[in-house]
Each structure stands twice: as C-alpha cells, then as structure tokens.
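Worksheet for the structure shown next.
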Amino acid sequence: MSLPGIPPGSAGDRSALCPVGTRGDPAPAVSAERSAQSVFRESPGAAEIAADGRFVNEGRVDNSGTVTSSGNVDLSALSRWSGSGSFLQMAGETRVGGLMEGGSLRFEGGRVTGTGTLRSPAPVIVGAGAVLGGRFGMPVLDADLTLSGALDFATPGSFLSMGTHALTLLEGSEIFVTLARVPVSGDDLLLVDAVAVTGAGLARLRVTGGGAAGFALDSRGGDLYLVTLAPVPEPGSFVLAGGGLVLLWSFRRGRRPGRS
C-alpha cells in the first residue's frame, strides 16, 4: 500500500509505515509521511519491518496499532513517532534522532541508540538481548526503564538522562563504559541521572580505558555513578617489591660493624 500519487516501490515511495488495517479503514492503525521505502508485511492493525527492511523517517509517524521490527529504523532529528500504539524490536537497530513515543516501547534484541527522546507512559523495556546506547549516542528517556540487557556508554562523557523517572536493573544486566583517560582514585563519573535507581548490585560492569584502576557502581541520590577505586597491583609488582626488600636486607647486613 502506497501513499496517494506515488508508485509502489519507486524511489519516492513513502509507504514505509503505510496505513495499516482493514482495507478502506477510515482510521488507519499506522501511517507515516516523508518516509523512505522499506519492507513490510501487513495484517489488521499491525505492521512488520522485516529483517532485510529499512525505515527512514524525516516527518511524522502516527501509530495506534502494533509495529514489530527486525530491521533498521532511522528517525531523523526532525521526525516525530507518536501515538498510543506499541513498538517491539526483536533485532536490528533503531536510531532515534527526534521523538519516539508510544503506549509501549519494548526492545528485546538489537540496539537502540541516538540523541533523541524515548517517551512512554509505561516503562521502556530493554530485554536481555538488547543494548541501549552506543557510538551514535544515548537517547534521553522520558519514561521509566527496566533493563535486563545492556547500557553502552560508548562515547566518553555520555550519560543517560531520565529526569523524574526511575531505572530498574535486573539480574544479568550489563553496563559498558568507555573512558577517554585513566581516572584517579576517588573520581566519580555520572552514568544515569534519574529519580531512583534499583538493582545496581545485580549489573555486571565492564570498563574500557581505565588502566589498572578498579571500578564499582554506586547508586546514591537517585543517580548511578561509576566509582574509581585504588589501582589493583599486578602480580609482577609484588615480585619486584619482594626482590627490592631482599636486596635492601642484604645491603644492610653487609654494612654491620665487625663484619669483614
């Protein structure tokens, strides 16, 4: 199904999220404007972005139905995805430059990234197979977040802004942090700005660029911080230190009075 006046499959076909529902439905479940071509399967009140599909939008998307994606969704800084419908990502990538709003936003696989905003009255779900964030940025969340997947702070200095919303970390969740410099003991790096963080002790932490320093997650004041601990000495340093003590002891014995 294509928008009026544009041949299906042509370079100007803007039917990526075309009106979906029963034929002739005066109130389509999903509609879009200024969209690039994609690959969809249709059913009443639903649309699917196939694994080989790509949806690019620079305008407005109205969703009051269900959209399931295993492909790639690219929402520019000018785009606005809104409506009371649901969005479910099973694989692929969603890159949010503008606003993505829905009654339900659930990411069970793939990645969601960008510098735009995710908004929902229900908690945004990032499941065990999905990643939030990455080299294209960490979206702003105007919603609570339940995470059993991963948060990827791939850009040094990036953090997750949640305002008055809460983050719940579940068993098996992961936090990836990339640092631009080796921190010193006592450095605290803000990762999540929220009203409440629960389950910080359940998340696995992996830090890149931190040298020999140790790190831990600390939730306080409703926020989540990466805390730098004192560097952990490497096993070789103990050997060197022990050898130095033996040499010092031998030297002091050799200088005792009365020894020839």
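Checking the stated criteria, Ser69 turns out not to satisfy the condition of being within 17 Å of Pro139 (Cβ to Cβ), of a type outside the set (Phe, Trp, Tyr), at pLDDT 90 or above and surrounded by fewer than 20 Cβ atoms within 10 Å (Cβ to Cβ). The criterion of at least 3 residues that are over 18 Å from His165 (Cβ atoms) and out of contact with any Ser or Thr (no Cβ under 6 Å at 6 or more places or on another chain) is met, among strands (runs of 3 or more DSSP E) falling completely within the stretch 39-138, by 40-43, 60-63, 66-69, 72-75, 80-82, 104-114, 124-133. For the stretch 100-121, a residue qualifies if it is of a type outside the set (Lys, Arg) and either without any contact (Cβ under 8 Å) to a residue 12 or more places away in the chain or buried (at least 20 other Cβ atoms within 10 Å of the Cβ) (or both), and the qualifying residues are Met100, Glu101, Gly102, Leu105, Phe107, Gly110, Val112, Thr113, Gly114, Gly116, Leu118, Ser120.
For Val124, the conditions (1) under 28 Å from Val195 (Cβ atoms); (2) surrounded by fewer than 19 Cβ atoms within 10 Å (Cβ to Cβ) are fulfilled apart from (2).
The values are calculated or read from the model by the stated rules, or taken from the named source; none is laboratory data. Please read all numbers here as calculations on a predicted model, not as lab measurements. With ideal geometry, Cβ positions are generated from the backbone for all residues, glycine too; neighbour counts draw on all protein chains shown.
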